[in-house]
Each structure stands twice: as C-alpha cells, then as structure tokens.
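A short write-up of the structure that comes next.
The values are calculated or read from the model by the stated rules, or taken from the named source; none is laboratory data. A quick note: this is a predicted structure, and the numbers were derived from the prediction, not measured. Positions of Cβ are generated from backbone atoms using ideal geometry, with glycine treated the same way; all protein chains shown enter the neighbour counts.
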Ligand SMILES: Cc1ncc(COP(=O)(O)O)c(C=O)c1O
C-alpha cells in the first residue's frame, strides 16, 4: 500500500499548526501547505493505551479509514489519538480535529459542526470530497457519542 | 485508410470545452450523430412505439426496431429475437439471474465468477446464491492480473451450472481469453454469461463464434446515451426463461385467469422503453461500424502502449495489470504517497478527468490490497497529447506532495 505518505507511527502532539490560520479569502491552491503538512506529519497520530472511548469508520466509496481514541476524565478530553489511512483531505481533517478537541470539554466537542471542520480545513471542499472531509467528525459523533443517526454529511 | 483522430474528435461537441477526458471506461462521450438521432425522434416523430396506428408511431417503431438489427449485426447474432433491450449491463445480468437463474438453480449448484468482476456481475449472483443455496467460486488472478486458467479448469471439473465473467476487466484492463474460457465452460456443461460492458465498446464480439449463452453490455460506454443497453441471449435459452419485469407490452393476452407472454424478446421488455436512447444507440452502432472495430482496437492499443511507456518514466508509480497487448484501453495505477482521490483532484485542476476509487470492483481491490487506484481509460477519440497532459498533471501532483 503506497497511499500513506510517510506516516509516523506515534503521536506528535507537540507540533503547532505550521501553516498558521487559514487565510479567509479562498485562493486557488487546494492542497495548501498546512493541509499537506497535516497529511505528512499528522498530529496525535497513533493509538492510546487504554482509551475511554474508541471508534473507527470507513468511507467505503474510496476506502478512507479513520479511527479515534479518546481519554476522558471529569468531562475533559485529556488525550486523543487518531489512526487511519486515505486521502490527504480525510487524514488532514482528522489531524486538525484532534488538535481542536484535545483539552476541550466533551460538551464543547459535542458542539463541533461540519462548518467548523470546513473552516479548519480552510479550503473549498467539492461535493465529491465532502465525505472525505467529514469522516473524522463522523467517527467522533457516531462512535464517541453514540449518535448512530448522525448523518451530517448527507445534509445540505 | 488512416485513422484520423482529429476528424473523429470534431464529431464530439464536448471537446470544445477543452476537457481531457480519460474516463471512457466509466462512460464514453457521444458524437453529434448520436445526439442528432435522438433529437430527430423528439422533434420529428415523438410518440410511443408498437401502440399507435398512426404515422408517427410507425416511424418511431421503425427507428426503434432498427437498432435491433444493428445490434444483431454488431454481435453476429443469428436473429433479432436474440436481442433484448435493457437499461444496460446491470439490468441485463439481473435479468438473467432472475429469469434464468431462479428457474434453473437449486441448492448446492455452483456458480463460477472471477475476482476481476464488476459489482454488477457479483451482487445479482450473491442474491441468487443466497436464495437458492447455491455456491459461488472465484477464479483468482496471477501477478500480472491474468485469470488463472489452471484454477478455472479445476473449477470446471466441479460441473458449475453457470460461469459468468467479463470480457475485459474495467478495473485492470485485462482482456480475458473469453473464447477459450467459453469453450471450456460449455464443454463442462455450464451456461456462460459474458459481461461485455468493456468488451463491446473496445473489441466487439462474434457471439456465434464464441458460443456464449448470454452477452450483456451498455450503450453509454460505446458512444450511445445512458439508459439503453443490450442483452444478447441464445434464442432457445431466452424462450424458456421466465420474464423479469412484468406489465404492459410484454404480454400477448391478459385475462383475469392468467396471462400469455409475448414472444421473445418482447417478453423481456415491459413498460415503455427508453425509445430515444435505443434510437441513439442505433446511431452509436453505425458510428462504430463506420470506424470498424478493428481500427478502434488498434487505436486503443496504440494509446495504451503510449500511456504505459509514458507512465513507466514517472518515478514512484505502479501500474497494475498485464502488458498492452493483453489489455483494453484501461490503465490502473498508484502513485506512491498520493491517494488516488488527491491525484484525481489535482488532475481535475489540469482539466484532466480520470477515475479514482475502487471501480466497482472491491473484491479485486481487496485482492490487490489497495483501497483505491487511479484509472485512465481511452477510446476512439483519445490523443497522445491528452496522455501527455495527464503525465504533466501527475508530475505536478508529485511536486505538491513532495
Ligand atoms: C465490466 C463492467 N460490468 C458492468 C458494468 C455496469 O454497467 P452499467 O452501469 O452500465 O449497467 C460496468 C460499468 O461500470 C463495467 O465496467
């Protein structure tokens, strides 16, 4: 399998977001530096020893896989790791999501919306790639919170 | 006569958009002649067929039925009665699974498929097998993507009831030795269905010479419109099959006590059919006949050789499947470190359309241990320059992902 682009096996939570906050105006550059950086050097990549919650989903259409492990105590997300394989959008989106939720309260993490994910990615996601972008959010919502009926990626 | 690709391209209005279309195995483009044939129906004699005693309906019926004669010629079938109009390959295969399979298969019967199959030549058989308690066995491939004939021969010794396989693989491009496989399967007493979705547009077939019982294909992959395809069935086999869809047109008489079905092929053509599309498909047969299938194949071979050569010069790129001489105009590949979807997105920026994904062949993807591949496919209108643009796009993707 040659689709992973040099993925380290452990987490590397110490990185900041190297690309900085995405500029608000859209430029033509789809694969921005920081998206590629998150793809090649994913943050919080790997597995947790004894996760409080763990869930994995795939996107059968393109074979993207994302799994998220959470360590939660007193309603706070103390640690998070993700694992998976797939396209740059799905993997960068997962990496960005772990940065967003680490240290957050569960309550806040629950409120993360599709729009938040798109904003973190900071690029225009074409309809064909929406499922890639939202796979990690689906894992978070469906798995960790048992929202079995979450169908965010189908909504307009 | 020289094959003039520029003259051919001039028949396809879509190329005025500048698209570099390398996804013809998915669906082809349509020439003006096909569009005009459908337009003519809609604007000059639009009406339902077989039902009206008025002129328009007669003209429509004549145009609609003329496609049957063209299909018969294209396939070298014995009779137009062996030509069933369908929506496409998928419907054709389902029709056989339902109309023949449900009637003839019983518990323990063996159906032989191959690992190269498209989902539409898998799922109908899985449903049938589950319903009847039949078994499915799969012919594997070798390292070059060729079907393992030793294994196929061993499976034939188990006297399968049905063997169903693709003439050309849509995911790998492999041209299977379909004539030899059919002969061996017939000698073993099996019924044989060939999925011609990729074979019909790119190679054609002589169904009498090959001797298959069924041959299913789609018009939209061979310059025709979506929504119309053909199932060829040997007449004796079609005649004793059950109908698939039931309703209007497929009957001779309907009484409260019961119904007598129409003769084949009408028995399988229930309801108002896609009339304009069938007429368009007729124009597609004409177009391909004008080019000649051997020229079509020769042009594709040239494009495939050119593409394989060009791709071999790109570093970190793996091509799946056999050498050009054994493949249709399909090249599946993987670029190290770049997921096929990302590659397709970047190529799209270069106006290049390729397919990325599992190509509706997940068992094959599992067999290759990949989740997706990128696939470029060629047809009558493909130019070398288009392949060059794709290669440039791949190098661009490699720069971006470096
Ligand atoms: C080998 C093969 N079989 C079957 C099909 C299904 O054809 P359709 O979707 O036109 O029914 C395709 C098309 O994708 C194909 O390539």
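Scanning region B:380-397 for residues that are surrounded by fewer than 18 Cβ atoms within 10 Å (Cβ to Cβ) and touching a strand residue (DSSP E or B) at 6+ places or on another chain (Cβ under 7 Å) returns a single hit, B:389. Could you list all residues from region B:158-172 that are more than 14 Å from chain A (Cβ to nearest Cβ) and either within 16 Å of the ligand (Cβ to nearest atom) or buried (at least 24 other Cβ atoms within 10 Å of the Cβ) (or both)? Answer for region B:158-172, where residues must be more than 14 Å from chain A (Cβ to nearest Cβ) and either within 16 Å of the ligand (Cβ to nearest atom) or buried (at least 24 other Cβ atoms within 10 Å of the Cβ) (or both): B:160, B:162, B:163, B:164, B:165, B:166, B:167, B:168, B:169, B:170, B:172.
Checking each residue in region B:130-154 for being buried (at least 21 other Cβ atoms within 10 Å of the Cβ), more than 16 Å from the ligand (Cβ to nearest atom) and not in a loop (DSSP other than H, G, I, E, B) picks out only B:152.
Condition check ((1) within 16 Å of the ligand (Cβ to nearest atom); (2) surrounded by fewer than 23 Cβ atoms within 10 Å (Cβ to Cβ)) across all residues:
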site	(1), (2)
B:70	no, yes
B:81	no, yes
B:95	yes, no
B:101	no, no
B:104	no, yes
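One residue stands out in region B:23-33 among those that are away from the ligand (no atom under 16 Å from the Cβ) and within 14 Å of residue B:219 (Cβ to Cβ): the one that is surrounded by the fewest Cβ atoms within 10 Å (Cβ to Cβ), namely B:33.
Counting only residues that are in contact with a helix residue (DSSP H, G or I) (Cβ under 7 Å, 6 or more places away or on another chain) and either crowded, with 24+ Cβ neighbours inside 10 Å or in the same structural domain as residue B:382 (by TED's automatic domain parsing) (or both), region B:214-237 holds 16 of them.
Restricted to region B:347-361, and to residues there that are more than 8 Å from chain A (Cβ to nearest Cβ) and surrounded by fewer than 21 Cβ atoms within 10 Å (Cβ to Cβ), the residue that is nearest to the ligand (Cβ to nearest atom) is B:360. Looking across region B:375-394, the residues that are within 16 Å of the ligand (Cβ to nearest atom) and either out of contact with any helix residue (DSSP H, G or I) (no Cβ under 9 Å at 6 or more places or on another chain) or not in a loop (DSSP other than H, G, I, E, B) (or both) come down to B:375, B:376, B:377. Under the condition of being more than 14 Å from chain B (Cβ to nearest Cβ) and either in contact with a helix residue (DSSP H, G or I) (Cβ under 7 Å, 6 or more places away or on another chain) or more than 17 Å from residue A:143 (Cα to Cα) (or both), the residues counted in region A:58-72 number 4.
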